[in-house]
1. When the residues of the stretch A:224-243 are narrowed to those that are open to solvent by 80 Å² or more (accessible area, probe 1.4 Å) and of a type outside the set (D, E, K, R), which ends up nearest to DNA strand C (Cβ to nearest atom)?
2. Just give me the residues in the stretch A:39-63 being open to solvent by less than 40 Å² (accessible area, probe 1.4 Å), more than 10 Å from DNA strand C (Cβ to nearest atom) and not in a loop (DSSP other than H, G, I, E, B), in sequence order.
3. Can you tell which of A:R62, A:R29, A:R21 is at negative phi, of a type outside the set (A, V, I, L, M, F, W, C) and within 16 Å of DNA strand B (Cβ to nearest atom)?
4. Working carefully through the options A:A170, A:A192, A:A140, A:A177, find the one that is out of contact with any His (no Cβ under 6 Å at 6 or more places or on another chain), within 11 Å of A:E121 (Cα to Cα) and of a type in the set (G, A, S).
5. Considering the stretch A:19-38 alone, what residues qualify as being more than 11 Å from DNA strand C (Cβ to nearest atom) and either open to solvent by less than 40 Å² (accessible area, probe 1.4 Å) or in a helix (DSSP H, G or I) (or both)?
6. At least 3 residues that are open to solvent by less than 50 Å² (accessible area, probe 1.4 Å) and among the hydrophobic types (A, V, I, L, M, F, W, C) in each: list the helices (runs of 4 or more DSSP H) lying fully within the stretch A:79-126 that qualify.
7. Does any residue of the stretch A:180-194 turn out to be out of contact with any strand residue (DSSP E or B) (no Cβ under 9 Å at 6 or more places or on another chain) and within 16 Å of DNA strand B (Cβ to nearest atom)?
8. I'm trying to understand the selection: among the residues of the stretch A:198-214, which are open to solvent by less than 10 Å² (accessible area, probe 1.4 Å) and away from DNA strand B (no atom under 16 Å from the Cβ)?
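The values are calculated or read from the model by the stated rules, or taken from the named source; none is laboratory data. None of the values given here were measured: they were computed from a predicted structure. Heads up, the Cβs are rebuilt from the backbone with ideal geometry, glycines too, and the neighbour counts pull from every protein chain shown. Side chains included, ligands, DNA and RNA excluded: accessible areas come from the protein's heavy atoms. Shrake-Rupley method; radii C 1.70, N 1.55, O 1.52, S 1.80 Å.
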Amino acid sequence: MMHDTQKAAEATFLLLDWYDRHHRDLPWRVSPPMARKGAVADPYHVWLSEVMLQQTTVQAVRAYFNKFLKLWPTIDDLAAADAEDVMKAWAGLGYYARARNLKKCAEAVAGEHGGHFPNTEEGLKALPGIGDYTAAAIAAIAFNRRSAVLDGNVERVISRLHAIETPLPAAKPEMRARVLALTPEDRPGDFAQAMMDLGATICTPKRPACSLCPFRSSCLALATADPETFPRKAEKKQKPLRLGAAFVAIDNSNAVYLQKRADTGLLGGMTEVPGTGWTARRDGETSIYAQPFAARWEHCGAITHVFTHFELRLSVYRANVQRAETGANGWWEPIASLKAQALPTVMKKAIAQAIPNAFKAERS
DNA sequence: AATACGGGGCC
DNA sequence: GGCCCAGTATT
């Protein structure tokens, strides 16, 4: 027992030493040198970054994080913001329930907690959009709590370090216990970020750079098997194909007809062009009967978009209409301002198929 | 325990 | 074209 504890302490030391030498400068992070001077991470920044980073890479998050902080410098600003503006700012980042929950969470913290985040995992997890991972991460990084931070990166690192044969997600409790055993009392936040950085840069899904790893002398997968084959995972089923149509109406003032999707479900609360439902039926052939306006609809090709659980092929139709009559749920948006709308990527693809220059920097 | 929920980068 | 991600909420 004493032996295991000692080995764990040594591994933790090696990781933190690696982190001190290789940490990355990220907008929401307090670097180890700054931390030693007494700098503390702002819980608002930590929370905002962690929510954005859910299933999303650092590269994609950077610009959004900076934009959000500029638009809403404090949690109270975000709580007071217009929900539609938040959706617009989030457009393109994906998983839009995160944006809706972000707003709800800001309102809860501002309204019920005096603008201060709870400083325990339990308190944090009670807030909208904060689950196991994010609660543990905020508790560790912003409040110096010794919590077990387990995300996709850490799952990979810990599964290789201990050559865990149990497939995910069943292996999570074992992984959590292994992570907690390595988590130190004094720098739990740095430890968590070090584990995630290690997974992102060294212990990568493919072709891990084991020779550069601080765990190279104790990694069981490296010693006995092929590290790349961890973590073991249950088999996944294949995505079905769904078909539909999208209608891009352009009026005589060069505006496109847009409407808002329902607040819940797929792309909830986001903006779209009118279309048919997305089903497995051959809607591409019947879609012309679902046209939102009586007009000379011209078929201008199809676009494909892959969602998490299905693949979508949309036939795109375009028509020039004489007058801009606003429907019950929609509005006419000038092409020049389309970029600022809450349009998810699939809708931008559809519009770009009908109007190739719609999202270009300059257009005539 | 399984499913719904985006998007982009990588090979 | 398939795989992977700094996951959460719902059922």
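1. Filtering the stretch A:224-243 for residues that are open to solvent by 80 Å² or more (accessible area, probe 1.4 Å) and of a type outside the set (D, E, K, R), the one nearest to DNA strand C (Cβ to nearest atom) comes out as A:Q238.
2. Answer for the stretch A:39-63, where residues must be open to solvent by less than 40 Å² (accessible area, probe 1.4 Å), more than 10 Å from DNA strand C (Cβ to nearest atom) and not in a loop (DSSP other than H, G, I, E, B): A:P43, A:Y44, A:W47, A:L48.
3. Just a single option satisfies the conditions, and that option is A:R62.
4. So the residue among A:A170, A:A192, A:A140, A:A177 that is out of contact with any His (no Cβ under 6 Å at 6 or more places or on another chain), within 11 Å of A:E121 (Cα to Cα) and of a type in the set (G, A, S) is A:A140.
5. Filtering the stretch A:19-38 down to residues more than 11 Å from DNA strand C (Cβ to nearest atom) leaves A:19-22, A:30-38.
Correct list: A:Y19, A:D20, A:R21, A:H22, A:V30, A:S31, A:P32, A:P33, A:M34, A:A35, A:R36.
6. In the stretch A:79-126, the matching helices (runs of 4 or more DSSP H) lie at A:83-90, A:97-112.
7. So the first thing to find is which residues in the stretch A:180-194 are out of contact with any strand residue (DSSP E or B) (no Cβ under 9 Å at 6 or more places or on another chain), and the list is A:180-194.
From what's left, within 16 Å of DNA strand B (Cβ to nearest atom): none.
No; the residues of the stretch A:180-194 include none that is out of contact with any strand residue (DSSP E or B) (no Cβ under 9 Å at 6 or more places or on another chain) and within 16 Å of DNA strand B (Cβ to nearest atom).
8. If the condition is that a residue be open to solvent by less than 10 Å² (accessible area, probe 1.4 Å) and away from DNA strand B (no atom under 16 Å from the Cβ), then A:L198 is the only one that fits.
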